[in-house]
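Asker: Please find one structure pasted underneath; my questions will follow.
The values are calculated or read from the model by the stated rules, or taken from the named source; none is laboratory data. Values in this document were obtained by computation on a predicted structure and should not be read as measured data. Glycine also receives a Cβ, built like all others from the backbone with ideal geometry; neighbour counts cover every protein chain displayed.
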Amino acid sequence: MSFRPPYPDDDSLTGGVVARRCLGWLIDAVLIALLTLAIWWVLFLFGLLTFGLGFGALAILPWVPFLYHFLSLLGVSSATPGQRAMGLTVRRDDDLGPPSVLQALVFVLVFYLTIATSGLLLVVALFTRRRRTLHDIVSGLVVVRTGALTAAGGGWNMPPGSAFP
């Protein structure tokens, strides 16, 4: 049984999402770079302190971006810090619930596969319903505005409106 969200149209959910996703991605790229640099310094010092035996731990650095995105999607807000800053969240397309572990895994894997193949496939978002990219479609997820999830009157556990217009 499929649940139909009580929203009048998809424009309230996905209006302006493409530009916000791009800006959120830039924020995330900076945060990933800073996080990777900090981890590199810690592991480098660890390698020096262990007289070179710890340098093998530097092999975890390529996993940092993947884990950043994956763990962020499984977090309470279901969004990376860049997406949160832009007022976005990642939800299931059918009922707007938070993503499952498998959906988050597929989302991140296909995202990085898309980036590895020049990122040109991200243009799909300009032509799809709800502005979904290829990794959104394959994983069954959609990126929506956080403010649109809270109805004007608010829910029993949420204040009316949102901090994000």
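Asker: Quickly run through segment 14-54 and pick out the residues that are more than 24 Å from Val143 (Cα to Cα) and loosely packed, with under 13 Cβ neighbours inside 10 Å.
Answerer: Within segment 14-54, Leu34, Leu37, Ala38, Trp41, Val42, Leu45, Leu48, Leu49, Thr50, Phe51, Gly52, Leu53 meet the criteria.
Asker: Go over the candidates Val101, Val143, Val108 one by one and state the one that is modelled with pLDDT under 95 and of a type in the set (Val, Ile, Thr).
Answerer: Val143
Asker: Then there's this: What tally of residues in segment 1-30 results from selecting those that are at pLDDT 75 or above and over 19 Å from Val90 (Cα atoms)?
Answerer: 1
Asker: So Gly97 passes all but one of these: (1) surrounded by 14 or more Cβ atoms within 10 Å (Cβ to Cβ); (2) touching a Lys or Arg at 6+ places or on another chain (Cβ under 9 Å); (3) within 16 Å of Gly147 (Cα to Cα); (4) not β-branched (Val, Ile, Thr). Which condition number does it fail?
Answerer: If we test Gly97 against (1) surrounded by 14 or more Cβ atoms within 10 Å (Cβ to Cβ); (2) touching a Lys or Arg at 6+ places or on another chain (Cβ under 9 Å); (3) within 16 Å of Gly147 (Cα to Cα); (4) not β-branched (Val, Ile, Thr), just (1) comes out false.
Asker: Among the numbered criteria (1) under 18 Å from Thr14 (Cβ atoms); (2) modelled with pLDDT under 95, which one does Thr117 miss?
Answerer: That leaves (1) as the condition not met.
Asker: Give the residue, chosen from Ser118, Ser139, Ser72, that is of a type in the set (Gly, Ala, Ser), more than 26 Å from Trp40 (Cβ to Cβ) and crowded, with 20+ Cβ neighbours inside 10 Å.
Answerer: Answer to the selection: Ser139.
Asker: Would you mind finding the one in Ala125, Ala57, Ala79 that is closer than 13 Å to Val143 by Cα and part of a helix (DSSP H, G or I)?
Answerer: The unique qualifying residue is Ala125.
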